[in-house]
Structures are given as structure tokens and as C-alpha cells.
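What follows draws every value from the coordinates through simple rules; no lab data is involved. Fair warning: this is a prediction, and the values are worked out from it, not measured in the lab. Methodologically, a virtual Cβ is constructed for each residue, glycine included, from the backbone with ideal geometry; neighbour enumeration extends over all protein chains shown.
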Amino acid sequence: MRRRLLPALALLLAGCTIGPAGQGGRGPESFEQSRLPVCEIRGNVRVPMLVLMAQAVPTATQLPCVDLNNLTAEWSLSDVFVRNGRARFALDRFHDRANHAVVVVLERTCRFGQVTSGKVTRVPSDQAGIQRYQEVTEIRPGQEFRGAIYYLFRGGCVTYRLHFLGGEQARPLGDVVLMLDFVPRERVAAAIRQDSKGKLSLDPPVGR
Amino acid sequence: MEPTLRHPPTVTEPAPARAVRVAPGRRRRRPSGQAPPLPRALHTSGRWWLAATGVVMVLWIVVLSNLPTRLVVLDADTAVIQKLAELRTGMLTDVMLAIHALGSRWTIRALFWATVVILLVFRRFRHLFVFIGAILVLIAVNALLVWGFARPRPYGVEIIGDWTGFAHPSSPVAVLTATLMGMLYSLAPQGRIRQAGKVVIGVVVAMLSVALMYLAVNSVTDVLIGVIIGVTIPLVAFRMLAPNEVFPITYRRGGSAAHLDIGGRRGEAIHHALEDQLGVQVLEVKPFGLSGSAGSTPMRVRVKGDPDTWLFAKLYAGSHLRADRWYKLGRTLLYGRLEDEKPFNTVRRLVQQEDYALRLMFGAGVRSPEPFGVVEITPEREYIVVTEFFDGAVEIGEAEVDEAIIDDGLRIIRRLWDAGLAHRDVKPANLLVRDGRVHMIDVFFAEVRPSPWRQAVDLANMMLVLATRSSAQQVYERAKLQFRDDEIAEAFAATRGITMPSQLRRMMREQGRDLHAEFLRLLPERPEPIAVQHWSVRRIGLTIGVLLVAVFAGLLVFGYFRSAGLL
């Protein structure tokens, strides 16, 4: 009986859209996407994983996410892990799944040089209102690139830990900058309020 | 039973008169459609639990799939959590954070591995596998539900406890509940202790649930669903796979995992089945000789007679069938094909073999227990083989062994040889002495037309057993009266190490005597040892296959334990 019950349950779960009606997705694809840190699903930013990341770092005013429109077939999302104080996910390249090419970490504060030991320099940011720092730890031409990008904003910090194997280094870096984006916390909070007709709020009222 | 006074039964001869005087009762044939003595209804309650939980889960999924109903649930959950948050004080928060540790990975690991160790120490492997399986299934199902529901933590309130991943169902509650339930059903005997344990679990889980809600880590429905699956999965697993009626938890000494409980419902079923199917009047059924039996549950049955007398009975069940399979696989891997290592397919066939062997021995004039037949307890699952009980007999290891006994023991082997049979388990525990005569019991392994090697091993083991209570010289001299020198030499060429039952080896070790070497010295010529190890493509393939399966299973379990957070 259990053998029949479990697949039935999984099918039922997959068939139902447990996510918000506003996100529009009804198929298994959006069901799965809503469990990933994607920036939006059919225009709605109330993605369960984004909400969870916002709860993990309640001070963070920006939330890192993957822009599905720019996610090419060469890349895939993995190792999504969220706990209080920290959220993490990885991007793997198709031909090098054993190595996480990019590990994205959201925390309250940055840890410059803690994981790597290169020199951290401030560079012009590609995100409005967010400071960007860059660190190159190791370059072995034609073989390996190690480094990090730090995005610093009010209440939080996002680190991209980069580790590219192989000859190409510039193109994957360009892909990363295109694929990864930020959603303002306020947009997620507004979506929750709107979907619940004002009954629910992401954060506690000020002072509580 | 005197071998010299009996003749193999023939068609024209009447069956030999029973040695035991049993008062006849009324036999009753079970009509078609009527339940057997112990119906296999043990799965029913487990299935109901599973079905009820399935219905709850389906309804819950439907409720959460629908936006208006989901909002109602979320609203109610949020209201409760916000009310609890209003009660927060510094001291209360410290207390709740301490209680929150009950659901931590380290608590679960400590409880899980402590239970595994206890079950290993008490060799309760059935409960061990069900416990581990139930916890792993629970973790997998919980992970599936957490991923499926993808519900964030409570809204609109500051979360002040540690958490990981989505909230629904509550993983700490589900895993702690399941671990405690598994511990209860695998460690606590049924009765007052288990009932009290349920109350304790209820209190512990309630404390954790309140703490999680107070800290805003989970909402009400998160912990409720966590409790439901945490209770259901181990409960159903134990009720279906290790029901108390079949695998009761006791801490008595002197038994083994092979022994089934013959009290309660099964005891009543045995009583009625013996009366209905054998036509005897049962007065008492008691466990008997548990320490000497690992492959069945032996018992003694007192029946009405003139005077009241005892019968011997062995209860066989599926667990014994599996034990027999593992035993034979182990022997095949260790030694190759010693002989007839084919496992039985069903319990019925296993008892048929025992009953057949008993009748064969009895018919061949070997002084063995008279068979009374097979009794069905649960069709295809549990049967009893009933035989004569040698009342007043003592094991040969504790008896005075004189020349008459030596001759008698050797005569049994001679008779087996003449009848083309081998006993295959000649050891002190299977040779009883009563009224100056040797009786042979436990004929389960008996084989028809065995190889000469197998027959030779029987002779050597009989001589060794007899010599443990006398001397090799004396036994050898008496053996020469019934066997030729070359036959005795062949026996000791065939026998060494593993072909001697472990009880016999242990006795010789305790006596500090190498009787095998003593016999070899007495022989006119030292024989060339006959190889015991048999190598074949099948054995090599089987060994490699088993090793691969073991390594693969080990890696799988290790990986799964790690991902489940149990390592």
C-alpha cells in the first residue's frame, strides 16, 4: 500500500500548485522553479525560496537570485541550502558538475579574504545602490581561475565564490554577471501583502 | 523404541504401536472458509493507520493547494504564532531555546545510535532493521513533503530559534517523534512500560512543539503534520513488519532471536490446533530446551493419557526459513558445496522435510522420536512438527558411557549406513541416553542416499562424541566390531574442523583433548585427508556477487545516513 501511496502523494504534490496563485505557474516546471532561488516566476517575485532567504537574513535589503531568462543550457542550479543567518546556492557548468563553478552566499556581513587570500578591491558596480568588490586569488592561464565578487548593501552581503576550470575564464564570468541578479526585499514583502490581501507580512511590524 | 525389535513398515503391516499412551481426543477438520488457528490479521491495524494518514495528507494537500483555504490556514497559523510571540520574556526564551535542543541533530543522532547499539547487543535484528528502515523512510518522506509544500517560516514575527530549510512539516518534530516511537516499539515490552512510554513521548514532543512555535521556527500546522507522519511511519512499520504477537520484546535470558512467543494468542492457537488436528487433549504447552535450539522454537506439550505424558514440538515460522537460507548461503560461501545446501522455498516445505526425515528414521529402525505429524497454525507461515518426547533421557555429554552405550551409538550409525541415510548433525545435544540406550533426535538435516563422505563424517562424529565420555582407545576397539578398518580410516580422513559440530569441538577443547589426533594415532595407517573446500565457478561468482552487493549496500546506507543527518 505504501508503495502505491508514496508515488501518488508525490504526483499529487507535483500536480498541485502550492505556490502563490499570483505566480501564474501551473505546470511541474514552475512547481520545481518555485523551490529554487529564481528572481521571479511569470512576473511574481513571491517565490518560496526567495521568501525563505529573506527570512534567513532578516536585515538583508537585497536578495540574490537567478534570472531564468539569462540562464543558458550550459549552467544549472544546485546545492540550495538555507538556514537562519545564511543562504547558499551554487551554479554548475554542464561539463564540470563535480565542481561548483559559482557558490553564492547571502549573509549579514561580508567576510573579505576569509575563504580566499587575494587582494580585495572596489570596482564599479553593475547593480544600482550596491557596492561591488572583487578579489582574484589565483589565475593559472588556460587551467584555473579562483576569485570572488562581493556585493555589499544595507543589512547584508552577497558573495560569489568563483572557481572556473579550463581555458575559458572571461566568458563564464560574463555569464555569471548576467545570470545572477538581485530582488529588493521590499518587492517580495509587497508581493506577499498583495497575494494575501494584506493579511500577511514578510517582516514583523516595526518595534515587535 | 528398540531398533532390533522394529521393522520398516510395509503396506501389509499395521503401523507400529505408539510407544506413548495418549488419550484420544476429537479431531476436527477445518471447513473451507473458516479461519485458521492463528489468522494472519496482524497487518490490519497498520493498514488502517496508513490509510487514515494518507487521507489526512491528501485532504491537507487539497486545502493548501487552494488559495482561499490556504490563506485561512496561514492566517490562523500566523495569529497563534504572533500571540505566542507576545508572551516572550528573557527567561522564557532561554528555557524554550534549551527545549529546542531536543530536536537538534545531535539529540536525534544520540537517540538513534544508542537504540541501534542496544538492539545489536540484544541481537534483536528484526527490530533493528525495522527501526533503521522506519527512520530512513520517515526522513525521506518528510524531505519529500518539505520540498513539495515549500512553505516558508512563519510570517510577520521575529524568528529567534535555529532552523534549516522550509518549514512544513516540521522536520525536528517529525524526526524526534519517529525516533522516540521507534525506540518505544523496539525496546519497550508491550504493556504498562509501553503505555507509560507513550505518555512520556507525548510530553516530550509537546514541549518541543511549543518551543518551536514560541521561537517562531514553526507554526501550529507544521508541528501537527510533523507529529502525524512521525507517529504513523514507525507505528505502521512495527505493526506490519515486527508485530508484537510474532516478535515480542522480552529481556529474558536463555532465549534467542529465533524463538517465538508461545503465549498469548499464539499459545491459544497452538493449544486448539494440537487438539483439532492431532486429536490429543492438551493440558499444558511450555517452552523447552531453548538454549539448544537456534533454528526453531522448541516446546514440550503435556497431553492427557494413562498416565499424562509429554510430547515434543517444534514451531517453525518464516523467520526460521530465512535463518535457514542465510545459514546455507554462509556455508556455501565458506566451504563450497558441502552437501544439499539448497534452501527451502516455504515454511510448509521445511516442516514437510522434518516430518519426512522423522518418518524415514523411524521406519528405518533408528531409535529416534516417533513422529506425530504436522500441525498448521497459520497457513504457509507457521507450522508445528510434533514428536514423541524422550522423558527422563539425558544428553550423552552428561551420561555414563560404557561399552554397551558405545556399541549402541555405533549401531545407530551402522543402521543409518545400511538404510542409505545420513543424520548430518551428530553431536552431544542430539544424542540422548535413556534406560541404557542411545536415542537420536533432531533429524531435520537427514539426507537420503548421501555421499560416502557424508556417511563417513557421521561415523567419525559419533566416535568422537562417545570418546568424550570414555576414551578413544575404547571407542576404536568397539568400532572395529561393527566397521572395517578402512571405513574408520575414511571417517577420520573426512572429518576435521568444520565438519565437526561446534558443540563437539567446544567439548573437546574444554577437556583439553585432541580426540581426532588420538584416533588418527590408533589407525593402522594414517589416511590422506579428504578435501573439504569445494571450489566451483558458482561459488566464486556467488562470493564476488555477495561482496559487491555488501559493498554497494554499505556505501548506499552510509551515503543515505550522511544525507539524512544521522552521521
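So how strong a dipole does region B:45-118 carry about its Cα centre when Lys and Arg Cβ are +1 and Asp and Glu Cβ are -1, to the nearest 20 debye?
Working: 6 positive and 4 negative charges, 55 e Å.
Roughly 260 debye for region B:45-118.
Sort out for me the Cα centre separation of region A:151-187 from region B:91-118, rounded to whole Å. Each part reduced to its Cα centre gives a spacing of 38 Å.
What does the charge count near A:L91 come to, summing +1 for each Lys or Arg and -1 for each Asp or Glu among other residues with Cβ under 13 Å from its Cβ? All intermediate terms of the calculation are to be shown ahead of the outcome.
Values: positive: A:R88, A:R93, A:R97, A:R161; negative: A:D67, A:E74, A:D79, A:D92, A:D96, A:D175, A:D181.
It works out to a net charge of -3.
Think of region A:98-208 as having a plus end and a minus end, set by charges on the Cβ of Lys, Arg, Asp and Glu; of A:Q127, A:A191, A:V177, A:A191 sits farthest toward the positive end of this dipole.
Could you line up B:R109, B:R28 from fewest to most neighbouring Cβ atoms inside 10 Å? Each step should come with its number before you reach the end.
Working: B:R109 15, B:R28 11.
If I rank by nearby Cβ atoms, fewest first, I get B:R28, B:R109.
Exposure proxy shown here: for B:W48, B:W60, the number of other Cβ atoms within 10 Å sets the order, fewest to most, as B:W48, B:W60.
Using C-alpha pairs under 8 Å with a sequence gap of at least 6, the mean separation divided by the residue count of region B:345-410 gives a relative contact order of 26 percent.
What you get for region B:341-411, charging only the Cβ of Lys and Arg (+1) and of Asp and Glu (-1), is a dipole of about 620 debye around the Cα centre. Just how many % of Cα pairs in region B:371-514 lie over 19 Å apart, if you round to the nearest whole percent? Value for region B:371-514 (Cα pairs over 19 Å): 53 percent.
Set the Cα radius of gyration of chain B against 2.2 N^0.38 Å, with N its number of residues, and you get 1.26.
Legend: mean number of C-beta atoms from other chains within 10 angstrom of residue C-beta atoms, peptide A:78-85, equals 3. Rounded to the nearest 20, the size of the Cβ-charge dipole of chain B about its Cα centre is 1060 debye, with Lys and Arg at +1 and Asp and Glu at -1. The aspartates and glutamates within cross-link reach of B:K328, meaning a Cα-to-Cα straight distance under 18 Å and a gap of 8 or more places when in the same chain, are B:E339, B:D340, B:E341, B:E354, B:D425, B:D442, B:E447.
For B:H259, B:H271, what's the fewest-to-most ordering of other Cβ within 10 Å of each Cβ?
Numbers: B:H259 23, B:H271 17.
Ranking B:H259, B:H271 by Cβ neighbours within 10 Å, fewest first, gives B:H271, B:H259.
Across region B:131-260, the mean sequence separation of Cα contacts (distance under 8 Å, 6 or more residues apart), normalised by length, yields a relative contact order of 36 percent.
Please give the calculated 222 nm ellipticity per residue for chain B, where each DSSP H segment of at least 4 residues contributes -39500 (n - 2.57) and the sum is spread over every residue; nearest 500 deg cm²/dmol? If you can, show how the numbers build up before the last one.
Details: 18 runs with 304 residues, N = 567.
Taken over chain B, the calculation gives -18000 deg cm²/dmol.
For chain B, the membrane-span-like helix rule (DSSP H, alpha carbon extent of at least 18 Å along the helix axis, mean Kyte-Doolittle at least -0.5) picks out B:44-65, B:67-86, B:105-121, B:125-149, B:171-187, B:192-214, B:220-241, B:347-363, B:403-419, B:452-468, B:537-563; this says nothing about an actual membrane. Based on alpha-carbon atoms, the Kirkwood radius and the radius of gyration of region B:328-451 give Rg/Rh equal to 0.99.
For the cross-link pairs B:K427/B:K480; B:K304/B:K427; B:K342/B:K427; B:K83/B:K198; A:K199/B:K83; B:K198/B:K286, which exceed 24 Å when the distance is taken from alpha carbon to alpha carbon? Distance filter (> 24 Å) returns B:K304/B:K427; B:K83/B:K198; B:K198/B:K286. Largest first and in whole Å, the equivalent-ellipsoid semi-axes of region B:466-567 read 46, 19, 9, each the square root of five times a Cα gyration tensor eigenvalue. Counting Cβ atoms of other protein chains within 10 Å of each residue's Cβ and taking the mean over peptide B:157-168 gives 4. When the charge dipole of region B:272-375 is built from unit charges on Cβ atoms (+1 for Lys and Arg, -1 for Asp and Glu) and taken about the Cα centre, the candidate among B:L358, B:V301, B:L333 whose Cα reaches farthest toward its positive end is B:L333. For the protein assembly as shown, the extents of the C-alpha atoms along the principal axes are 108, 64, 48 Å, listed from largest to smallest.
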